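Asker: Please read through the structure below; I'll follow up with questions.
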Amino acid sequence: MEVVILESKQEIAALAGDVIEELLAGKPNAVLGLATGSSPLALYDELVERHRAGRVSFARARAFMLDEYVGLAPDHPQRYRNVIEAEIASRVDFAPGAVSGPDGNAADLMAACRAYDEAIRGAGGIDVQILGVGADGHVAFNEPGSSLSSRTRPKTLTRQTVADNARFFGGDESAVPRHVVTQGLGTIMEARHLVLMALGRSKAEAVHQMVEGAVCALWPASVLQFHPHATVLLDAEAASRLQLATYYRQVYAGKPAWQGL
Ligand code: GLP
């Protein structure tokens, strides 16, 4: 796991943008993994700018989303498929149908989840997966207690996640769906490169547990310690509880130029 501590969310977005720009330059038909939440928003703005500047094209790329609420109306603005459409998909040149998400309205949710994992495999797997982390250590919607080898499946949100996400529903916790479908931790771990972004002090404990704690279901993001290519991009506040922060800064400052992320 490479931990990079940067000064601002713009620097984090620029570095993550470099990863995606380089990927698409070398493999225009790459498969991206897109995340919702506030953490990747600056990255999506960065990618839109680079697209407008002619530096990056998504025309041959595909993308898979991490997760989805169960039961939101198809036109609900907080349905993650609509959020991703608004934040990135409609602002760049993805081909029609190139962005997929888990179906939170399927009559048979389990069958839809299995089909989703199959679709990711059928596309050749995800090249770069963008991730955030919840304050309770969840990735996608894999809440504490999730099997570290779980596949895409329905889950129930914790009270903390419902409270955290109420800000997207006008502050009304009762409007936040309790059930979701999410790529499993095992599914996410199959992506070839994981790029996780975390911002702010509310993530500091989760980041510490993810990077330096024991690998355990109580802190689902800690499974990233087993990934052969995981990059964790942090601002100073999110990094504020890291025991080895000085070392991570020293490593990154002395990193040879030839060694990409
Ligand atoms: C949400 C999403 C996650 C996201 C996380 C953190 O519930 N399902 O994919 O990473 O919580 O969100 P944010 O980036 O807004 O802090």
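Asker: For the stretch 51-199, how big is the tail of P(r) above 24 Å, as a whole percent of Cα pairs?
Answerer: 31
Asker: Taking each pair of different alpha-carbon atoms in the stretch 1-124 once, compute 1/r for the pair, average those values, and report the inverse of that mean as the Kirkwood hydrodynamic radius in Å to one decimal.
Answerer: 15.5 Å is the Kirkwood radius here.
Asker: Express the Stokes-Einstein translational diffusion coefficient of the chain in µm² s⁻¹, to the nearest whole number, given a Kirkwood radius over alpha-carbon pairs, 10 °C and a viscosity of 1.306 mPa s.
Answerer: 86
Asker: Find the centroid of the Cα atoms in the stretch 106-148 and in the stretch 231-261, then give the distance between the two in whole Å.
Answerer: Here the two parts' Cα centres lie 27 Å apart.
Asker: How much accessible area per residue does the chain have, counting only protein heavy atoms and a probe of 1.4 Å, in square angstrom?
Answerer: Result: 43 Å² per residue.
Asker: Output needed: percent of Cα pairs per 10 Å distance bin for the stretch 142-253, bins running from 0 to the one holding the longest distance.
Answerer: Bin by bin from 0 Å, the calculated values are 13, 39, 36, 11, 1.
Asker: How much of the accessible area of the chain, probe 1.4 Å, is carbon plus sulfur, in whole percent? Write out the running numbers ahead of the final one.
Answerer: Numbers: 5850 of 11280 Å².
Exposed carbon and sulfur together represent 52 percent of the surface.
Asker: A further question on this structure: Would you please give the residues with an amide H less than 5 Å from that of Glu2, counting only those at least 5 places away or on a separate chain, with H modeled from the backbone geometry?
Answerer: It is Ala230, Thr231, Val232, by chain and number.
The values are calculated or read from the model by the stated rules, or taken from the named source; none is laboratory data. Keep in mind the model is a prediction, meaning the values are calculated, not measured. Surface accessibility is based on the protein's heavy atoms, side chains included, excluding ligands, DNA and RNA. Shrake-Rupley method; radii C 1.70, N 1.55, O 1.52, S 1.80 Å.
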